[in-house]
Amino acid sequence: MPISIEGKRILVTGGARGIGGESSRYFAREGAHVVTFDVKDDEGQQLADEATSEGPGTVSYRHVDVSNLNEIATGVDFAIEQLGGLDAVFNVAGITRSAPAEATPVEDWNDQFAINVRGLAYVCEATFPHLKDNGGSIVNFASDAALMDVPIHSSSFSASKGAVISYTRTIGREWAPYAIRANVVNPVVMTPIVEEVRSKMAPEERERYEREIDASVPLGGRLGDITLDLAPVLMFLASDASRFITSQILGVNGGLAYSR
Ligand SMILES: NC(=O)c1ccc[n+]([C@@H]2O[C@H](COP(=O)([O-])OP(=O)(O)OC[C@H]3O[C@@H](n4cnc5c(N)ncnc54)[C@H](O)[C@@H]3O)[C@@H](O)[C@H]2O)c1
């Protein structure tokens, strides 16, 4: 089966920039129609306009804060109206907080679980009625930090991404009778959030961290590139070519970690 997403109707959360933004641009280039949700309205609208003018697919932006359940519900209504249905959902929106495990502010727990976990789950729940008759693909973004220790203070972030994995495997089983597949992607690519986390480090800490990360990526010894290394894999997951794959964790990580 050829790998194609031409005409596919795709929802992407966190679609203003980084993985969600550049992947939406890639999907539109491959002929898909995309609705993006984000809270960075200027960036989201600009990327959507650029992608649509490049074509042949389209990207439409909508302000949706995924920690707000009402905004998700009205955002999904908008997406269905805009796209005329739904074939794939990419839950990319996420935040990263970093603090020593013995001193993690309660806001870190609350914010990361509200966005990374509850928001993601509610997008799945709100889109389920639109996927259940014809099947479809849900792709939830977790992190290798859920599977292994990483050299940053990330206990609450790692825990939120661990929850993404267990949630996704559960819906993978529960919604398989509807031909809805649900998979996790653990990416390791260069994006604005990675740069932000690094910019908060002291220079020596940053240098040591970057050396460790680069050395731990077997393929190429570097973080991946969204468009070259990740987006084609996401296109495969949105396409019918991946129709027999569900409940899996796919590390698009140059071999940094493996999962089962
Ligand atoms: N970049 C990596 O190597 C890497 C590694 C592990 C996990 N991830 C995960 O991949 C996903 C994307 O990461 P990225 O590097 O592109 O990050 P990014 O910060 O560049 O992009 C995340 C997007 O999510 C949006 N967002 C944040 N909170 C939101 C909310 N409440 N509602 C709607 N949108 C919201 C942001 O505005 C941003 O546009 C995240 O879930 C992240 O945890 C990335």
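Every read-out reported here was derived from the displayed coordinates using simple, explicitly stated rules and does not represent laboratory data. Fair warning: this is a prediction, and the values are worked out from it, not measured in the lab. Cβ placement follows ideal geometry from the backbone for every residue including glycine, while neighbour counts extend to all protein chains displayed.
Please report, ordered by residue number, every helix of the chain (full DSSP H runs) that is 24 Å or longer along its axis going by C-alpha atoms and whose mean Kyte-Doolittle hydropathy reaches 0.5. Please list the in-between numbers first.
Values: long enough: 155-174 (28 Å, -0.22).
Helices meeting the criterion: none.
Grab the chain and count how many Lys pairs have their alpha-carbon atoms under 25 Å apart, sequence gap of 8 or more, or different chains. Can you show the working numbers first?
Details: Lys8/Lys40; Lys8/Lys132; Lys40/Lys161; Lys40/Lys200; Lys161/Lys200.
Step by step, the pairs that qualify in the chain add up to 5.
Add +1 for every Lys or Arg and -1 for every Asp or Glu among the other residues with Cβ under 12 Å from the Cβ of Val252, and state the total.
On the way: positive: none; negative: Asp144, Asp225, Asp229.
That works out to -3.
Any idea what the dipole of the stretch 1-159 comes to, in debye rounded to 20, about its Cα centre with Lys/Arg Cβ at +1 and Asp/Glu Cβ at -1?
The dipole of the stretch 1-159 has a size of about 320 debye.
Within the stretch 194-232, which trypsin sites (Lys or Arg not before Pro) sit in a loop by DSSP and count at most 11 neighbouring Cβ atoms inside 10 Å?
Lys200
Among the trypsin sites (Lys or Arg not before Pro) in the stretch 72-154, which ones are in a DSSP loop with at most 14 other Cβ atoms within 10 Å of the Cβ? Mind listing them?
On the way: sites: Arg97, Arg118, Lys132; in loops: Arg97, Lys132.
Of the trypsin sites (Lys or Arg not before Pro), the ones in loops of the stretch 72-154 whose Cβ has at most 14 other Cβ atoms within 10 Å are Lys132.
Residues with amide H under 5 Å of Ile180's amide H, sequence separation 5 or more or different chain, H placed in the peptide plane at 1.01 Å from N; which?
The answer is Gly136.
Tell me which chymotrypsin sites (Phe, Trp or Tyr not before Pro) from the stretch 171-260 have a DSSP coil assignment and no more than 16 other beta carbons within 10 Å of their own.
Phe244, Tyr258
Could you work out how far apart the two model spin labels at Asp240 and Met190 are, taking each label as a point 7 Å from the Cα in the direction of the beta carbon, and quote it in nm?
3.8
I'd like the distance separating the alpha-carbon centroids of the stretch 18-34 and the stretch 209-253, in whole Å.
The stretch 18-34 and the stretch 209-253 have Cα centres spaced 16 Å from each other.
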